[in-house]
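The values are calculated or read from the model by the stated rules, or taken from the named source; none is laboratory data. Keep in mind that this is a model prediction, so the values were computed, not measured. Here the Cβ is made from the backbone with ideal geometry for all residues, glycine too, and neighbour counts use every protein chain on show.
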Amino acid sequence: MKKYLIIVSLVFLIGLSFSGMLWAQAKGNPPVITASFAVEKGYYGYIWKIYIEAEDPDGDMSRIAVQVDQLGYGYYPTDWTILKPPYRGKFRGYLQWNTFSSRAPYLREWTNITLKVSILDKAGNESNEVVFPFEFVSGAPPKVRLPAPFNQEGLPRLGYIHIDLFDPTLMGADAQRDH
């Protein structure tokens, strides 16, 4: 009986490994973020635009993943933007984040966050990741001239980022984080 269980287990594991290899080979090509840009400073409540250009040889990009890490707080749950059909093969546009948060009346001067963006296709392939640092400072940021290829009129808004930031200095010692 023991030999039988060992043989069945080995056959199952070999079959599982083989099917995993076939699945990995059938996934296709991952999307590629070819250009990106965002300003690095702004006041609390600033409308932050994250510019991205991407392409996918398979034409099946499906969603954009955005993850935020806040110094003194940690990571927030990933925010997803579903791509509309015209943007599944190639796109150039921006994500918009209205940085005012319903969970924080304000964020302290020099609060730092890091925003990471990647794109996934329908098969689950993930693109390269681009990283955008941002610091909250008072006063209006200087007018920024967008670099190529984002310096043209009419770039589409791909979606909104829905992440509500916390001010970790206002959280009590026994406050629970929502994630």
Counting residues that are more than 30 Å from residue 168 (Cα to Cα) and either in contact with a Phe, Trp or Tyr (Cβ under 6 Å, 6 or more places away or on another chain) or of a type outside the set (Asp, Glu) (or both), which strands (runs of 3 or more DSSP E) fully inside the range 73-150 reach at least 3? 90-98
Qualifying positions in the range 79-93 - of a type outside the set (D, E, K, R), over 13 Å from residue 118 (Cα atoms) and surrounded by fewer than 15 Cβ atoms within 10 Å (Cβ to Cβ): 85, 86
How many of the residues in the range 42-63 are assigned to a strand (DSSP E or B) and either touching a His at 6+ places or on another chain (Cβ under 6 Å) or more than 12 Å from residue 87 (Cα to Cα) (or both)? 6
Here the residues within the range 134-154 that are surrounded by fewer than 12 Cβ atoms within 10 Å (Cβ to Cβ) and either closer than 23 Å to residue 43 by Cα or of a type in the set (S, T, N, Q) (or both) are 138, 139, 140, 142, 143, 144, 145, 147, 151, 152
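This table checks each residue for (1) surrounded by 17 or more Cβ atoms within 10 Å (Cβ to Cβ); (2) of a type in the set (Phe, Trp, Tyr); (3) at pLDDT 95 or above.
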position: 72; (1), (2), (3): no, no, no
position: 77; (1), (2), (3): no, no, yes
position: 95; (1), (2), (3): yes, no, yes
position: 119; (1), (2), (3): yes, no, yes
position: 128; (1), (2), (3): no, no, yes
Could you run through the range 52-99 and say how many residues are aromatic (Phe, Trp, Tyr) and without any contact (Cβ under 8 Å) to a residue 24 or more places away in the chain? 1
Within the range 2-20, identify whether any single residue is modelled with pLDDT of 55 or more and over 25 Å from residue 151 (Cα atoms), and answer yes or no. yes
First in the range 150-162 and of a type in the set (Ser, Thr, Tyr), second anywhere and surrounded by 11 or more Cβ atoms within 10 Å (Cβ to Cβ), Cβ under 6 Å, 6 or more apart: 160/96
State which residue pairs qualify: first residue closer than 10 Å to residue 137 by Cβ and inside the range 40-51, second residue of a type in the set (A, V, I, L, M) and part of a strand (DSSP E or B) in any location, beta carbons under 7 Å apart, and separation of 6 or more residues or different chains. none
Residues being modelled with pLDDT under 90 and of a type in the set (Phe, Trp, Tyr) - total across the range 137-179: 1
What are the residues in the range 56-87 that are charged (D, E, K, R) and either under 16 Å from the mean Cα position of the chain (by Cα) or closer than 26 Å to residue 165 by Cα (or both), if any? 63, 69, 79
